[in-house]
Amino acid sequence: MGELSKDKIKKGLEVFANQKDSKLHAHLNACVHCGLCAESCIYYNAMPDEKFVPAKKVDLVASVYRRYKTLTGKTIPGLVGARKLDEATVNEMVDLLYGACTMCGRCNTHCSIGIDISFVVRTGRKLLTNMGYAPDALQSTINSALETGNNMGISETDFIETLEWLQEDLQMEVGNNAAKIPINETGKEVLYTLNPREPKFFPLSISAMAKIFYAANESWTISTKMYDVTNYAYYTGNEVESQIIVNRLFDEMQNLGAKKCVLAECGHGSRAFRWEGPNVIGKSYPFEVLTSVELIAGYIRDGRIKLDPEKIKDLVTIHDPCNLARSGGIVEEQRYIIKNAVTNFTEMTPSGIENLCCGGGGGQLAMSEYNERRIKIARIKAEQIQKTGAKIVATPCHNCVDQLTQINSTYKLGIQIKTIAEIVADALIID
Amino acid sequence: MATIQIENRTFEVDGDGFLASPNIWDKEVARLFAKYDGIDEMNEKHWAIINIIRSNYEEKGNAPMIRVICKETGLRLREVYELFPLGPARGACRVAGLPKPDGCV
């Protein structure tokens, strides 16, 4: 079997050293092989092969750890299931940790002893990234963000022209030429971020949010230098690159002196900046960070916007993004909003923190390599949606929107997929 | 490299079904790829979108902003999504023979 250079192996094994705390070591040594995680995994459910069981993915990382970091693994590797880091191991790790896990964390919640399985998977991904094995398409998305400031390589001119175009549209929509999409303004209450796919291809959600800000009479702005809410380096575990991206938004908040950083509807972006960000850059934020879902729920609660639920009569269901609901605990806000914005609402089963991943998380949508598998595992989500009988699926995550759009086409569901802001904008009463 | 077969022609594609060699693209390829996505008949509006995406790609090496697509074709945003249900990226750009754009698309 193919050997790897000592240098490469050394780089990979760095993930097991210099840990800030003992979490990794505890989680690598804790699995009791009870198998409860198996049924929680969309990959295992769609393709019942033992290799897709989450515990097996943990063991893949743990077996390398044992081989190089434990006495028994070094001396009697065969007896303790310790694996050498060679080409075969690397190929298997890439295939299972990158290609067969959305890091949705559903297995974490079912683990009988509470192992943070997606954290172990991310550590395994980091090991591979250190060795230069991060999948090309995923790395290219990160490179684009690092080189151009946003993951789709949109030029500042193109971005500004798009916002101006949307501003004209907003003025027509609300019938007021004073309605604005303010750019690069200092001292505002809110700095709003975007997923680059919005200005590039899907700007209805920007228009929707601008309309909501207008109705709430919010003091807000968008930065044309740093607006990208995504951070794909979170998925390759590259901390240096992840730090650069977090720091850019942190710095832009300081530059523009905004009070709140409001994150667009993006699961992993919210997680990477709001919840993981302070640890990634090693300092806490001197400003408030919240998701747009929390902001909109607050507007409704405080009476800052008024909605007419009669405007949307089709049955609506919610798809909970894993990073927001399961990892971030944002479950009630989207329900509170949707129940106020539409006439008929129904839940998927399961939902909330138990919801099933759409199959597009963990960077899967950016990795063409695993497209076929991604569409295959999505059958479970397609059936789950079909059972609700809903005509509209609302989800606060652009990545989920994209995967659901493909599911809609592949499995012929005949539904509409919308962000939360798009639904709220349709239900808004503009005085 | 994956392949897809449409009406007896075989194309090399990436994992997402985007044409592996954008330079072999022609109108017949567009027609076949559209058909594969369930668009049986390409109308004038479809072609207007494809032409602007293709010329932007040949000139600048990437997909145009949706604003440019709307401005150049005179179509409304929602019409573009109706014409290509998979959206401008996985729908229209794929039919226009471009490589898959980076990001959440």
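Since every read-out is calculated from the coordinates, none of them should be taken as a lab result. The shown structure was predicted, so the numbers you read here are calculated from the model rather than taken from an experiment. Because the Cβ atoms are built from the backbone with ideal geometry, glycine has one as well, and the counts that use them run over all protein chains shown.
Some values worked out for this structure:
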{"item": "Descending semi-axes in whole angstrom, ellipsoid equivalent of region A:167-266, from the Cα gyration tensor", "result": "26, 16, 9"}
{"item": "Point-charge dipole on Cβ atoms (K/R +1, D/E -1) for region B:2-95, about Cα centre, debye to 20", "result": "340"}
{"item": "Gaussian network model of chain A, springs between alpha carbon atoms under 10 Å - residue of A:Ser118, A:Ser351, A:Ser22 with greatest fluctuation", "result": "A:Ser22"}
{"item": "GluC sites (Glu not before Pro) lying in DSSP loop within region A:338-431, provided at most 16 other Cβ fall within 10 Å", "result": "A:Glu347"}
{"item": "For A:199-206, mean number of other protein chain Cβ atoms within 10 Å", "result": "6"}
{"item": "Beta bridges by DSSP in chain A, antiparallel share as percent, to the nearest 5", "result": "5"}
{"item": "Choice from B:Ile49, B:Ile69, B:Ile24 showing the highest fluctuation, given a GNM over chain B with Cα pairs closer than 10 Å", "result": "B:Ile24"}
{"item": "Percent RCO, i.e. relative contact order, over region B:2-95, from Cα pairs under 8 Å lying at least 6 residues apart", "result": "23"}
{"item": "Amide H within-cut-off set for A:Phe345, under 5 Å, with H built and near neighbours excluded", "result": "A:Val316"}
{"item": "Paired Rg and Dmax values of region A:6-133, which use every Cα atom, in angstrom", "result": "13.9, 39"}
{"item": "Ratio of Rg to Rh over region A:211-326 (Cα coordinates, Kirkwood Rh, two decimals)", "result": "1.01"}
{"item": "Whole-number D in µm²/s for region A:308-427 (Stokes-Einstein; Kirkwood sum over Cα pairs; 25 °C, 0.890 mPa s)", "result": "172"}
{"item": "GluC sites (Glu not before Pro) restricted to DSSP loop in region B:30-105 with at most 12 other C-beta within 10 Å", "result": "B:Glu41"}
{"item": "Note, ³J(HN,Hα) from phi for region A:341-353, Karplus 6.51, -1.76, 1.60, rounded to Hz, x at Gly and Pro", "result": "9, 10, 7, 10, 10, 9, 8, 7, 10, x, 9, x, 6"}
{"item": "Per-q log10 I(q)/I(0), chain A, q = 0.06, 0.07, 0.10, 0.11 Å⁻¹ (Debye; single scatterer per alpha-carbon; no solvent)", "result": "-0.26, -0.35, -0.70, -0.84"}
{"item": "Sequence-distant residues sharing a close amide H with B:Ala2 (under 5 Å, placed H)", "result": "B:Val13"}
{"item": "Pairwise Cα inverse-distance average, inverted: Kirkwood Rh of chain B (Å)", "result": "13.6"}
{"item": "Tilt relative to chain A, helix A:136-148 - C-alpha long axis, 0 to 90 degrees, to 10", "result": "50"}
{"item": "Cα-only Debye scattering, region A:248-299: base-10 log of I(q)/I(0) at q = 0.20, 0.23, 0.31 Å⁻¹", "result": "-0.70, -0.91, -1.31"}
{"item": "Interchain or long-range residues, amide H under 5 Å from A:Gln416's placed H", "result": "A:Ile392, A:Val393"}
{"item": "Mean shadow area of region A:88-171, taken as a quarter of the surface of its Cα convex hull (nm²)", "result": "8.7"}
{"item": "Cα centroid separation - region A:37-83 against region A:284-330, whole Å", "result": "38"}
{"item": "Å³ per residue enclosed by the Cα convex hull of region B:11-59", "result": "80"}
{"item": "Exceeding the 32 Å Cα-Cα cut-off - candidates A:Lys259/B:Lys71; A:Lys313/B:Lys100; A:Lys387/B:Lys71; A:Lys11/A:Lys51; A:Lys260/B:Lys60; A:Lys311/B:Lys35", "result": "A:Lys259/B:Lys71; A:Lys313/B:Lys100; A:Lys387/B:Lys71; A:Lys260/B:Lys60; A:Lys311/B:Lys35"}
{"item": "Of A:Leu324, A:Phe119, B:Asn23, farthest towards positive along the dipole that unit charges on Lys, Arg, Asp, Glu beta carbons give the protein assembly as shown", "result": "A:Phe119"}
{"item": "Top of A:His25, A:His398, A:His319 by mean-square fluctuation, Gaussian network on chain A, Cα under 10 Å", "result": "A:His25"}
{"item": "Within region A:308-427: Cβ-based charge dipole about Cα centre, in debye rounded to nearest 20 (Lys, Arg +1; Asp, Glu -1)", "result": "380"}
{"item": "Whichever aspartates and glutamates have a C-alpha closer than 20 Å to that of A:Lys23, once near sequence neighbours (fewer than 8 apart) are set aside", "result": "A:Glu14, A:Asp59, A:Asp116, A:Glu239, A:Glu276"}
{"item": "All-pairs Cα distance distribution in region A:257-374, expressed in whole percent, bin size 10 Å", "result": "12, 34, 34, 16, 3"}
